[in-house]
Amino acid sequence: MVEAGYGIGVAIVEKVIDAPPQQVFDVLADGWTYSDWVVGTAHVRGVDDGWPRVGSRLHHRAGPWPFSLQDSSQVVACEPTHRLVLRAGLWPAGEAIVDFTLEPLDGGGRTRVRMGEDFVAGPLRWVSSRLNDLLLRPRNKETLNRLSDIATRQRAKR
């Protein structure tokens, strides 16, 4: 699938979440929750002040212990309640651009979240189309399921 701004092999998944865009974005804007909903992130080690301002970083560990890798993800673009784009690092494997877009539905009571991920640097860039099909799409579907659980749980608390 080729989309504007993405290369061939980009993994794109969507989910409709029963929460307004602000509530979903609030989860994206809380860097300390990433290990709760991003599949593969084992631990958040730190979050820069001002997250998710462009240029700020989320410092994380990914993968199972004792093989986990420490790296960081940086905000490339941020439009609160509409879009968040990250450059996610997992060196020595490489880096990916992860793009979350939020679209209000039903008068703003629900949100369509679209997540696109594509390897842009490192060895995984050369095998990205096969990996996207085999690994990223199912992983990212589960990531959006977890994001949905947290966002809708927050809605129930209000």
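The values are calculated or read from the model by the stated rules, or taken from the named source; none is laboratory data. Computed from a prediction, not measured in an experiment: that's the story for all the values here. Because the Cβ atoms are built from the backbone with ideal geometry, glycine has one as well, and the counts that use them run over all protein chains shown.
Would you confirm whether any residue within segment 57-64 is in contact with a His (Cβ under 9 Å, 6 or more places away or on another chain) and either at pLDDT below 90 or surrounded by fewer than 20 Cβ atoms within 10 Å (Cβ to Cβ) (or both)?
yes
Filter segment 110-158 down to the residues that are modelled with pLDDT of 85 or more, in a strand (DSSP E or B) and β-branched (Val, Ile, Thr), then identify the one that is surrounded by the fewest Cβ atoms within 10 Å (Cβ to Cβ).
So, considering only residues that are modelled with pLDDT of 85 or more, in a strand (DSSP E or B) and β-branched (Val, Ile, Thr), the one surrounded by the fewest Cβ atoms within 10 Å (Cβ to Cβ) is VAL113.
For segment 37-56, name all the residues that are modelled with pLDDT of 95 or more and either of a type in the set (Asp, Glu) or under 17 Å from VAL85 (Cα atoms) (or both).
TRP37, VAL47, ASP48, ASP49, GLY50, TRP51, PRO52, ARG53, VAL54, GLY55, SER56
How many residues does segment 73-101 contain that are touching a Phe, Trp or Tyr at 6+ places or on another chain (Cβ under 6 Å), part of a strand (DSSP E or B) and not small (Gly, Ala, Ser)?
Of the residues in that region, 1 qualify.
List every residue pair whose Cβ atoms lie under 9 Å apart, where the two residues are 6 or more positions apart in sequence or sit on different chains, the first residue falls within segment 5-17 and is surrounded by 16 or more Cβ atoms within 10 Å (Cβ to Cβ) and of a type in the set (Gly, Ala, Ser), and the second residue, located anywhere, is in a loop (DSSP other than H, G, I, E, B) and at pLDDT 95 or above.
Final answer for the pair search is none.
Do the conditions hold for ALA19, that is, is it in a strand (DSSP E or B) and at pLDDT 85 or above?
no
What are the pairs, 6+ residues apart or on separate chains, where a residue within segment 135-147 that is within 14 Å of TYR34 (Cβ to Cβ) and of a type in the set (Lys, Arg) has its Cβ under 9 Å from a residue that is at pLDDT 90 or above and part of a helix (DSSP H, G or I)?
The qualifying pairs are ARG146/ASP36; ARG146/TRP37.
In segment 65-100, what count of residues is obtained for those that are modelled with pLDDT under 85 and surrounded by fewer than 20 Cβ atoms within 10 Å (Cβ to Cβ)?
Total satisfying the criteria: 9.
Within segment 46-72, work out how many residues are at negative phi and assigned to a loop (DSSP other than H, G, I, E, B).
So the count comes out to 12.
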